[in-house]
Each structure stands twice: as structure tokens, then as C-alpha cells.
Amino acid sequence: MEQFPFSLFARCFWLIALGISLINYVMGRRRITAAVGQNPNRLGETLGLFGRLSLFSNLPWRVMGWGVLFGSVPSVFSYFRLQDRNTYVIDWYASLMLLSVSNALWVMLGDGARRLRELQAFGAFGAGRKTSAMPDWAIKVLAILGPFFILFWLYWMRFITSQTLP
């Protein structure tokens, strides 16, 4: 039998991640409100964008929670074993890829780089450097690298988790 804190962490990691996301959301709203100041039009637009980004970024954690609560995923460590072909684990990786691709498309085709730069959205996430100083091409490069990072991660995890545990 597993130790109490370890088993709680293994079953509730998704809940911990959602809690940390909620704390980051509250802190980000405070930073945005302080940075934007008294301009209500810009404040509403910035908070709306930040809220949508925060909501969509939590999609993988909600998919993970669904798999742990209602699926056949015993713990968070099962999400490192894609080769087991568990449907919920595959759905989790698919949600990461969907989020990454949709972010890249929005930044590249939907004028997302300009909006992120003008609204200084990365500053709400605690970035030391404001995105207004970051050129559009740098934001686009980071967005394009996202899906490739997910693919590299999937490829890399196959070798790390290839050995079975006793």
C-alpha cells in the first residue's frame, strides 16, 4: 500500500494543478488591473483575453481529472506511459496538442502576436520582461515551437518509459 501523501498526490495532481492555475489567475488579474490603470476599455479587453487564455490553458488538467475520476487511469504517473494506449491518456496528449496548435494558429493567423504584445499578456503570467518589448516575430516563433515541443516530448517519453517496472 502506498503512503498517504504520495497516493493523494498521484490521484489528485490534476486538482493541485487547477488550484495553482486559479491562484495564478487571481494574481494575473491583479497585475493586469495595476498595469492598465484607469482605462476601462483596455482593462476589459485585457481581462477578457487573459480569462480566455487561462480557461483554455486548463483544458489538459480537466481532461486528466476526468480520466482519473471516471476513466481507467489509476494515477498521474500513467500519463507518462503513452505506449499503454489508454484512451484517457491519449486524450490528454491530444488536448495538449490541440491547445498548442490552436495557440499557434491564433498567433500566426488571427493577429494574436500583436494582441499579446499590445495587451502585455505575458506580464500577467509573471514574465520579468514585458511583451511590448518582445517583437512580433519572437512571439510567433515561440508559438510555432509549441506543437514541435509536444511532438518531441511524445517521442522522448517513449524511450524513457520503455522499461517496465517490476
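The values are calculated or read from the model by the stated rules, or taken from the named source; none is laboratory data. Values in this document were obtained by computation on a predicted structure and should not be read as measured data. Glycine also receives a Cβ, built like all others from the backbone with ideal geometry; neighbour counts cover every protein chain displayed.
For the criterion of being surrounded by fewer than 18 Cβ atoms within 10 Å (Cβ to Cβ) and aromatic (F, W, Y), F50 fails. So how many residues does the range 134-166 have that are touching a Lys or Arg at 6+ places or on another chain (Cβ under 9 Å) and at pLDDT below 80? Within the range 134-166, residues that are touching a Lys or Arg at 6+ places or on another chain (Cβ under 9 Å) and at pLDDT below 80 number 3.
When L69 is tested against the conditions (1) touching a helix residue (DSSP H, G or I) at 6+ places or on another chain (Cβ under 7 Å); (2) more than 17 Å from N103 (Cβ to Cβ); (3) not in a loop (DSSP other than H, G, I, E, B), the lone failure is (1).
When V89, V101, V107 are screened for being modelled with pLDDT of 70 or more, part of a helix (DSSP H, G or I), touching a Pro at 6+ places or on another chain (Cβ under 7 Å) and surrounded by 13 or more Cβ atoms within 10 Å (Cβ to Cβ), only V101 passes.
Got at least one residue in the range 23-40 being closer than 29 Å to L151 by Cβ, assigned to a helix (DSSP H, G or I) and in contact with a Ser or Thr (Cβ under 6 Å, 6 or more places away or on another chain)? Checking the range 23-40: at least one residue is closer than 29 Å to L151 by Cβ, assigned to a helix (DSSP H, G or I) and in contact with a Ser or Thr (Cβ under 6 Å, 6 or more places away or on another chain).
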